[in-house]
1. What single numbered condition from (1) open to solvent by less than 40 Å² (accessible area, probe 1.4 Å); (2) farther than 19 Å from S361 by Cβ fails to hold for R281?
2. If I filter segment 255-277 for residues that are over 22 Å from L383 (Cβ atoms), open to solvent by 40 Å² or more (accessible area, probe 1.4 Å) and free of Cβ contacts under 8 Å to residues at least 24 places away in the same chain, do I get at least one hit?
3. Just to be sure, is L224 loosely packed, with under 13 Cβ neighbours inside 10 Å and either more than 24 Å from F363 (Cβ to Cβ) or modelled with pLDDT of 85 or more (or both)?
4. Looking at (1) open to solvent by 10 Å² or more (accessible area, probe 1.4 Å); (2) at pLDDT below 90, which is the only condition I337 fails?
5. Name the residue, out of L187, L182, L152, that is part of a helix (DSSP H, G or I) and at pLDDT 90 or above.
6. With respect to L345, is the statement that it is within 28 Å of L61 (Cα to Cα) and part of a helix (DSSP H, G or I) true?
7. Might you let me know whether segment 8-15 holds any residue that is at pLDDT 90 or above, in contact with a strand residue (DSSP E or B) (Cβ under 9 Å, 6 or more places away or on another chain) and in a helix (DSSP H, G or I)?
8. Working only within segment 230-252, note down all residues that are over 17 Å from V269 (Cα atoms), of a type in the set (A, V, I, L, M, F, W, C) and surrounded by 19 or more Cβ atoms within 10 Å (Cβ to Cβ).
Amino acid sequence: MKTIQTGKGTIPLMTLIAIWSISLVVNLPGLAISPMLGELHNIFPSASELEVQLLTILPNLLIIPFVLISGHLSVSKSKMMIVVVSLIIYLSSGLLYLFASTMTELIIVSCLLGVGCGLLIPLAAGLIADTFTGKYRLKQLGIKSGIANISLVMATFIVGWLGGHNWHLPFLVYLLPVIPLLLTAYLRHATTKTSIVENSATPIIPNTSLLKEAESRFHIGRILGIMGMYFFVSYCVLVVSFYLPFLMQTEKMSDSALGTVTSLFFLAVFLPGFFLTTLVRVFRQSTLPIAAAMLAVGLIMIIITHSVWIIGAGVFLMGFGYGIFQPVIYDKATQTIVSERDATLALSFVLAINYLAITLSPFIVDFFSSFVKEPSAQFPFLLNFVMAILFIVIIIIYRRSFVFSIDKNYL
């Protein structure tokens, strides 16, 4: 059987495929619900606005604590066991969706989905961090990001098609975890012995103080910086999902145009992952400033134009920039630890920030819009453009710092 170089040795190809398969399902929660939000009152005439909101809010809220719980469990428990349990919960929710007949049942099953997905999300990147190192890890994290996003694009089309036949059918997409579940037996090779990360100056010193214990396990400044960067770039691109429909509606653009533009965004997020190491070698230390500039340029293109094609190009640029940031951030998260056993825990902190950004994004925009007398449909994009420019300035000023620089070993 073909073997794959990890930087620490080799693993069977099937083990890599098993690790990749987890990324197929981590971005799917909420996907089946979104297309039917406008029809829920027809499906459930007695459903309240609060119930409709809970159907979408509760799963994302539950993902945050369970991402952190998964990271904590990964330190002392078998990662393979966590993967199996989370996939079983995930798959069970998919089956239960098919038989749900009331809004209350849908809400309960959606919460179960959030639990299963929350437990699984850190392991998709954590197993890569455990198995690979150096440029091999960066490459695989890029591929992981690409697989997760292309899976989302394909599933979006499938869900849209299934939704036209029966409102239960889109939930079939949540049966996809059966694929990684069948491949979990191959994950036994994706384990490494706990060792101290090279060039770590901080020893592991047991201490009753939570702060000192954290400092003995993490480079606090590094991980906080990475979390801050991920929060901002996630918040910055969320305007595409949350506010682009309103902008395009104001411009009297069709629903099909919106669907095309949204697909372009996810396609762009997917693309950089498969040749990230090449991009890093080409852009070198300018990689993150260029990715940030793509966000800013994409936003201004959306603001100043009335053409669906220019909006599409702007959205594509934003997606491409975000697609560069995402795997680089995951890789940097693995370099914030003192002991390799904490890699998944560090990733869980960073990944939880993404879902926190999803939850807080509308509140941030609403806060700033309260200072404007009559905010237009362009306001969220203009606000994020100003923030993106400030972000670029910060990157340039601190370009030599750990957070914004590229590891010289990757160049």
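1. Going through the list (1) open to solvent by less than 40 Å² (accessible area, probe 1.4 Å); (2) farther than 19 Å from S361 by Cβ, R281 breaks only (1).
2. Yes - at least one qualifying residue is present in segment 255-277.
3. Numbers: loosely packed, with under 13 Cβ neighbours inside 10 Å: no; either more than 24 Å from F363 (Cβ to Cβ) or modelled with pLDDT of 85 or more (or both): yes.
No; evaluated as a whole, the condition is false for this residue.
4. That leaves (1) as the condition not met.
5. On the way: L187 fails: at pLDDT 90 or above; L152 fails: at pLDDT 90 or above.
Of the residues listed, the single one that is part of a helix (DSSP H, G or I) and at pLDDT 90 or above is L182.
6. On the way: within 28 Å of L61 (Cα to Cα): yes; part of a helix (DSSP H, G or I): yes.
Taking the combined requirement at face value, the residue satisfies it.
7. yes
8. Scanning segment 230-252 gives L247, M248.
The values are calculated or read from the model by the stated rules, or taken from the named source; none is laboratory data. Since we're looking at a predicted model, the values are computed, not measured. As a convention, Cβ positions derive from the backbone with ideal geometry for all residues, glycine included, and neighbour counts pool all protein chains shown. Remember, those area values only see protein heavy atoms, side chains included, never the ligands or the DNA or RNA. Shrake-Rupley method; radii C 1.70, N 1.55, O 1.52, S 1.80 Å.
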